[in-house]
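Let me begin by presenting the structure, written as structure tokens, before commenting on it.
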Amino acid sequence: MEADRADPEAAPVDLRRDGAAALEWAASYLDRVADLPVLAQVEPGWLLERLPESAPETGEPFSALLADLDELILPAVTHWQHPRFHAYFANTGSEAAILAELVAVALNQVGILWRTSPALAELEERATAWLGELLGFPREWHAHLEETASAATLAALAAARAVMPDRREVVCSEHTRSSIDKAARVLELELRRVPVDGEYRMRPDLIDTSSACAIVATVGTTSTTSADPVAAIAARKGNAWLHVDAAYAGSAWVCPEFRTEDVTAADSLVVNPHKWLLTGMSCSCLWTSRPDDFRRAFSLVPEYLRTPDEVISLSEVSIPLGRPFRALRLWAVLRCYGRAGLQAMIREHVWLAAVFESLVRDEPGWELCAPRPLSVVCFRRDGSDEENEALLERVNATGELFISHTRLDGRYVLRFAVGNARTSEADVRHAWEVLRSCAR
């Protein structure tokens, strides 16, 4: 039996040696990502067929894993770090966030209570306050980090339902994103959609919240990035909780000229730093002007977690008990880029989208399909829906760029999103040439 015991000194990975190799791999990947096909060029099941069905009996060197990254993983990766990723909402995992994530995993903090990681709790409080100040929010708002805007929205609507348990309705616009539908389904709430105007914004004159526990206004809708008139909606919300979904567009508020909506009447508001603020995936910030209602909805401290510390833990204002050290990434980005660096990136992306918009506008046979508030252009080629869908598939099959689509007024519409820090004007113009070539 003695021979079967593991040797505690036989570590499967040498952090200095293998860590240096992993960092070199990551740096090399970012150097060459622009030369890779943006969209994964494999069929469903490609990777599964190449992976063993069972884990190895004995450990393997980390170098073997690094080799398999190139042989197995990269072919099945759609490269969100690519400068010509223009689908959905393009984003960036910056160098600052990459290194901060390394440190976060090394520290391996578990934020169950303040006591289990004072650094996690207090850095999250301070980093989100910094971000709120950069975006122009009231200083008294409370904030914490969630994994995604979907999780943040679920928490906000759960708090709203707890405040008004006799009301089982959520009001939103026709262009509110699907996370609202899913949250309503989970919470057993009924969703009622309000029609939009010619610019795809919710019409306040058609709002009725008499049976609603919450109303959701969107600033930066998924299809067109249009902004619901938040102040006018707030004036008509009655007693309903007002949640503002600014997951994408909220990041642009680091630039004062893009603060087109007054959101100060919001009861809760979500912005995703992982969408447009360089932090990498799984960093969504939820603010509220009603933290006590969040605590009443979520605080549950069993005896084995009670401590004499006179502090409210983050687990008391959100659904999860444990939480990772996400704030370290946000803190790193805010420190390494600062207000000026983030503003420069946002303005550059809005300008690049304007460049693409002008190329579409000036080319016969193409049309713009919606206003462009920020960095997403909605457009299509003259022709049928089927022809535009086929065009999108041809473009994406080239591997030269990746775009997505939506439907507006029943028509199939292409979307071109700018949001990657590595995207240049040359990338945008190259993408347009690929589109024109595929259209021919």
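The values are calculated or read from the model by the stated rules, or taken from the named source; none is laboratory data. Model, not experiment: these values are computed from the prediction. Backbone-built Cβ (ideal geometry, glycine too); neighbour counts: all protein chains shown. Ligands, DNA and RNA are excluded from the accessible area calculation, which covers all protein heavy atoms including side chains. Shrake-Rupley method; radii C 1.70, N 1.55, O 1.52, S 1.80 Å.
When Thr260, Thr176, Thr224 are screened for being open to solvent by less than 50 Å² (accessible area, probe 1.4 Å), at pLDDT below 95 and either in contact with a Lys or Arg (Cβ under 9 Å, 6 or more places away or on another chain) or under 30 Å from Val333 (Cβ atoms) (or both), only Thr176 passes. Restricting attention to region 189-227, the residues being in contact (Cβ under 8 Å) with a residue 40 or more places away in the chain, of a type in the set (D, E, K, R) and either farther than 16 Å from Ala370 by Cα or touching a Gly at 6+ places or on another chain (Cβ under 9 Å) (or both) number 0.
Residues that are in contact with a helix residue (DSSP H, G or I) (Cβ under 7 Å, 6 or more places away or on another chain) and of a type in the set (Gly, Ala, Ser) within region 394-438 comprise Gly419, Ala421, listed in sequence order. For region 138-161, filtering for residues that are touching a Cys at 6+ places or on another chain (Cβ under 9 Å) and open to solvent by 60 Å² or more (accessible area, probe 1.4 Å) leaves 2.
Only one entry of Val13, Val33, Val77 meets the criterion of being hydrophobic (A, V, I, L, M, F, W, C), surrounded by 13 or more Cβ atoms within 10 Å (Cβ to Cβ) and modelled with pLDDT under 95, and that entry is Val13. Hey, any hits in region 132-145 for a residue that's out of contact with any helix residue (DSSP H, G or I) (no Cβ under 7 Å at 6 or more places or on another chain), touching a residue at least 60 places away in the same chain (Cβ under 8 Å), acidic (Asp, Glu) and over 14 Å from Arg323 (Cα atoms)? So far as region 132-145 goes, yes, one or more of its residues are out of contact with any helix residue (DSSP H, G or I) (no Cβ under 7 Å at 6 or more places or on another chain), touching a residue at least 60 places away in the same chain (Cβ under 8 Å), acidic (Asp, Glu) and over 14 Å from Arg323 (Cα atoms).
Taking region 85-109 as the range and being part of a loop (DSSP other than H, G, I, E, B), open to solvent by 30 Å² or more (accessible area, probe 1.4 Å) and not hydroxyl-bearing (Ser, Thr, Tyr) as the test, the residues that pass are Asn108, Gln109. For region 301-314, a residue qualifies if it is within 28 Å of the chain's Cα centre (by Cα) and either over 20 Å from Glu124 (Cα atoms) or open to solvent by 50 Å² or more (accessible area, probe 1.4 Å) (or both), and exactly one does: Ile312.
With respect to the stated conditions, Ala55 is among the aliphatic types (A, V, I, L, M), open to solvent by 40 Å² or more (accessible area, probe 1.4 Å), in a loop (DSSP other than H, G, I, E, B) and modelled with pLDDT of 95 or more. From the list Val376, Val350, the lone residue that is touching a Ser or Thr at 6+ places or on another chain (Cβ under 9 Å), closer than 16 Å to Ala252 by Cα and crowded, with 22+ Cβ neighbours inside 10 Å is Val376. Listed by first and then second residue, the pairs linking a residue in region 301-329 that is among the polar types (S, T, N, Q) to a residue that is open to solvent by 50 Å² or more (accessible area, probe 1.4 Å), with Cβ atoms under 7 Å apart and 6 or more places separating them unless they lie on different chains, are Thr307/Arg115; Ser313/Trp114; Ser315/Leu321. Arg193 meets the stated requirement of being open to solvent by 60 Å² or more (accessible area, probe 1.4 Å), modelled with pLDDT of 95 or more and either of a type in the set (A, V, I, L, M) or assigned to a strand (DSSP E or B) (or both).
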